[in-house]
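Beneath this line is the structure, given in structure tokens, with notes to follow.
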Amino acid sequence: MPRERRLGTRVIEMAGEAGEVVIDLDESPLAWLASRRGRDGQALIAPVQLIAGERLRADFTRAQMTPRLTADWSAMPKGPRRGGAAGLALSEAVLAAKQRLARAMEAVGPEFSGLLMDVCCFLKGMEQVERERGWPARTAKVVLALGLDRLARHYGLAGRIEGPRRSPIRAFRAQPDA
């Protein structure tokens, strides 16, 4: 008997327009980890780690780097060719997403970039990652948490909000000479 899918909605913004989409909540390994509790009762990944991973995945999708399952006919010329390189120019949104993705991968370093791409972007499960890399069981969760922490730091996300230790000086006035 097939399992029933858990569906939810998310608001996605692309090219300046927001739209609500229906998603499979069990699709993302990060969503699965965020919904599970460890022995201490805490989620296996923190909300800030989930947000960072989903942001990476959104940029990966916007950059149109997902593997295609069918032929891509969008680059085919629609009519007779009149000079120029028709079909070769990428939109600014796609280029910006590729740049954000490259900066994020550079920030996390080579130690974590492959794992983050596998889990966040290609949606590989923990067991599959451990098997492919020859890691011991439950190692991928620990390494993934470290990588997500570094990614969250790159995005400027923090688990706690803290203000400055003391207020900055707003004005300086000299005492008048008497």
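Things worth noting here:
- Estimated inter-spin distance, residue 123 and residue 146, nm [label 7 Å along Cα→Cβ]: 2.8
- Packing-based ranking, highest mean first, of 114-120, 33-39 given that Cβ atoms within 10 Å are counted: 114-120, 33-39
- Spin-label pair residue 96/residue 64, simplified geometry with 7 Å Cα→Cβ offset, distance in nm: 1.6
- Full-extension gain in nm, residue 137 to residue 175, via 0.36 nm per residue minus C-alpha separation: 6.8 nm
- Most to least accessible of 51, 45 (protein chains only, probe 1.4 Å): 51, 45
The values are calculated or read from the model by the stated rules, or taken from the named source; none is laboratory data. Every value quoted in this text rests on a predicted model; they were computed, and no experiment measured them. Methodologically, a virtual Cβ is constructed for each residue, glycine included, from the backbone with ideal geometry; neighbour enumeration extends over all protein chains shown. Surface accessibility is based on the protein's heavy atoms, side chains included, excluding ligands, DNA and RNA. Shrake-Rupley method; radii C 1.70, N 1.55, O 1.52, S 1.80 Å.
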